[in-house]
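Following: one structure in structure tokens, then a few remarks.
The values are calculated or read from the model by the stated rules, or taken from the named source; none is laboratory data. In this text the structure is predicted, and so the values were computed from the model without any measurement. For neighbour counting, all protein chains shown are included, and Cβ atoms are generated from backbone atoms with ideal geometry for every residue, glycine included. Just so you know, the surface numbers come from the protein's heavy atoms only, side chains and all, with ligands and any DNA or RNA stripped out. Shrake-Rupley method; radii C 1.70, N 1.55, O 1.52, S 1.80 Å.
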Amino acid sequence: MKFSKSGPLKGTVTIPGDKSISHRSVMFGSIARGTTEITGFLQGADCLSTISCFEKMGIQIENTGSSVLVHGNGLHGLKAPEQILDCGNSGTTTRLISGILAAQNFSCTLTGDDSIQKRPMKRIMEPLSMMGAQISSLRSNGCAPLQITGSPLHGIHYTSKVASAQVKSSILLAGLYADGETSVTEPALSRNHSEIMLKYFGADIRSEGCTASIRPAEELYGQKITVPGDISSAAYFIAAALIVPGSEVLIKDVGINPTRDGMLRVCREMGADIELLNPVYDDGEPRADLLIRHSHLKAMEIKGDLIPALIDEIPVIAVMACAAEGNTVIKDAAELRVKESDRILTVANNLRALGADVDELDDGLVIYGGKPLTGGIIESYMDHRIAMSFAVGSLIANGETDIRNAECVNISYPGFYEDLEKLKH
Ligand code: S3P
């Protein structure tokens, strides 16, 4: 798909629902008693994979496109699937569902696409096995396909080596079914959507610093969920409006949970003009409209505890850093190597293809800002966030940019290119 340099971006964009929250609403709704009504559900391929997995386990799910009704069967109401559970490209589906499957009274196999079959699953296999789960990698390589045989589980305290909400959530979900309290401590706080939503569904769950603890549940109860717009999707429009001269863009109803708002913190420190309008803070997920104006950006160092709060935004932050004054250093982000693609490598390769100066680090990137981008051929590596990040880069490139396999944005943002096009003037 071909892109060229853009004039100012102007207008309003309403971005699709949060991917992490959409997954969780279907999963928790499926194991709750009663109906869960979800509005703003992300109709992206990843979240549809989650729906299809639970349908295969006997859950009735009505997806009208504008709302999703999940008719939960209770904590012990899933049925043995007749087929393999296909998680597609979705790490969240694979890892979270494993925590639930570990405690069922049946055995099943789950797998996904080529990318999923290369992503590390030992990080959930180890703690779930400590809880008593029978979970194995069919090719003995620590990756999917996984065979899971439901077993009685015990509560554990687990100290995770990685700040990963998928690992944390997988253990907490298994903890719902365990015979005592389960807690997880992570090295830095990862997104806490599971903690917020599980509490809403009636679970006995507490958080203190980087530790979340859950007690076994008798039942969860179906709820009404309004999913906010995904800040990880908003990030492309934030970056685009900041770097394209003359831009002013209003992004409606974006989730601004503090465990996800690292992009906003970084942009502000780089000198961005971002206004938060109509903020709503209740005991659920905070949200606000974001007004973004083109700004002169300065480079910064991004590292440490900030990384989990912007992990999915790093590719577009790297693109944005090309337009900043000075050298942006991103460290402590080795997790990027095990995402849908090795995002340190794929970002570095593509930045070079666009004419930028970049160094690859083991755990991050150095982007030498200020060099005009030329345009070039971008390989998405079938990674949705890579395709969208470089569509943003194309807006300030002097020559044409051609993104290969650009349609992979359907994983998290069907309609992305149309929404971007509408803002061009
Ligand atoms: C997610 C957690 C993060 C993130 C992913 C979604 C989640 O992954 O990168 O896109 O919904 O829990 P990790 O838990 O592997 O950091």
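Using a probe of 1.4 Å on the protein chains alone, the accessible area found for Thr14 is around 100 Å².
Please compute the per residue accessible area over segment 148-190 with all protein chains in place, 1.4 Å probe, rounded to a whole number of Å².
Working: 1320 Å² over 43 residues.
Accessible area per residue, segment 148-190: 31 Å².
Over the heavy atoms of Glu407, what accessible area does a 1.4 Å probe trace out, to the nearest 10 Å²? Per-residue accessible area (Glu407): approximately 100 Å². Less than 5 angstrom separates the built amide H of Ile15 from those of Lys252, all sequence-distant by 5 or more or on a different chain. Counted over the chain, the DSSP beta bridges are approximately 70% antiparallel.
Based on Cβ point charges of +1 for Lys and Arg and -1 for Asp and Glu, what charge dipole magnitude is obtained for segment 113-245 about its Cα centre, in debye rounded to the nearest 20? Let's see the in-between values first.
On the way: 12 positive and 12 negative charges, 73 e Å.
The dipole magnitude comes to about 360 debye.
Between Thr211 and Ser4, the FRET efficiency from the beta-carbon distance, with R0 = 45 Å, is close to 0.35.
Placing +1 on the Cβ of every Lys and Arg and -1 on the Cβ of every Asp and Glu, with no other charges, gives the chain a dipole of roughly 260 debye about its Cα centre. Rounded to the nearest 20, the size of the Cβ-charge dipole of segment 277-408 about its Cα centre is 460 debye, with Lys and Arg at +1 and Asp and Glu at -1.
Estimated at 0.36 nm per residue, the fully extended path between Glu269 and Arg337 surpasses their Cα-Cα distance by 21.9 nm. Listed values for segment 404-414 are Karplus-derived 3J(HN,Hα) couplings in whole Hz (6.51 cos²θ - 1.76 cosθ + 1.60, θ = phi - 60°), namely 7, 6, 5, 5, 5, 4, 4, 4, 10, 8, x, and x replaces Gly and Pro.
Segment 74-146 and segment 150-185 have Cα centres separated by 14 Å. Expressed as a whole number of Å, what is the distance separating the alpha-carbon centroids of segment 374-423 and segment 290-347? Segment 290-347 and segment 374-423 have Cα centres spaced 17 Å from each other. In this structure the amide hydrogen of Gln60, modeled in the peptide plane, comes within under 5 Å of the amide hydrogens of His71, none closer than 5 places in sequence on its chain.
Ordered from largest to smallest accessible area (heavy atoms of protein chains, 1.4 Å probe), the residues Glu325, Glu379 come out as Glu325, Glu379.
What percent do you get for the relative contact order of segment 138-272 when only Cα pairs under 8 Å and 6+ apart count?
Details: 169 pairs, mean separation 23.9, N = 135.
Reported relative contact order: 18 percent.
Amide H contacts of Gly376: Thr401, Asp402, each under 5 Å away and 5 or more positions distant or on a separate chain (H built 1.01 Å from N in the peptide plane; Pro and chain starts excluded). Ordering Cys53, Ser190, Ser67 by Cα displacement along the dipole of the chain toward the positive end leaves Cys53 in first place; charges were set at the Cβ atoms of Lys, Arg (+1) and Asp, Glu (-1). Considering only Asp230, Asp283, Asp179, the mean-square fluctuation computed in a Gaussian network model of the chain, springs between alpha carbons under 10 angstrom, is largest for Asp283. Here each label is just a point 7 Å from Cα along the line to Cβ, and for Arg352 and Thr39 those points are 4.9 nm apart.
Among Met125, Pro414, Thr39, flag the residue with its Cα farthest along the positive direction of the charge dipole of the chain, charges on Cβ as +1 for Lys/Arg and -1 for Asp/Glu. Towards the positive end, the residue furthest out is Met125.
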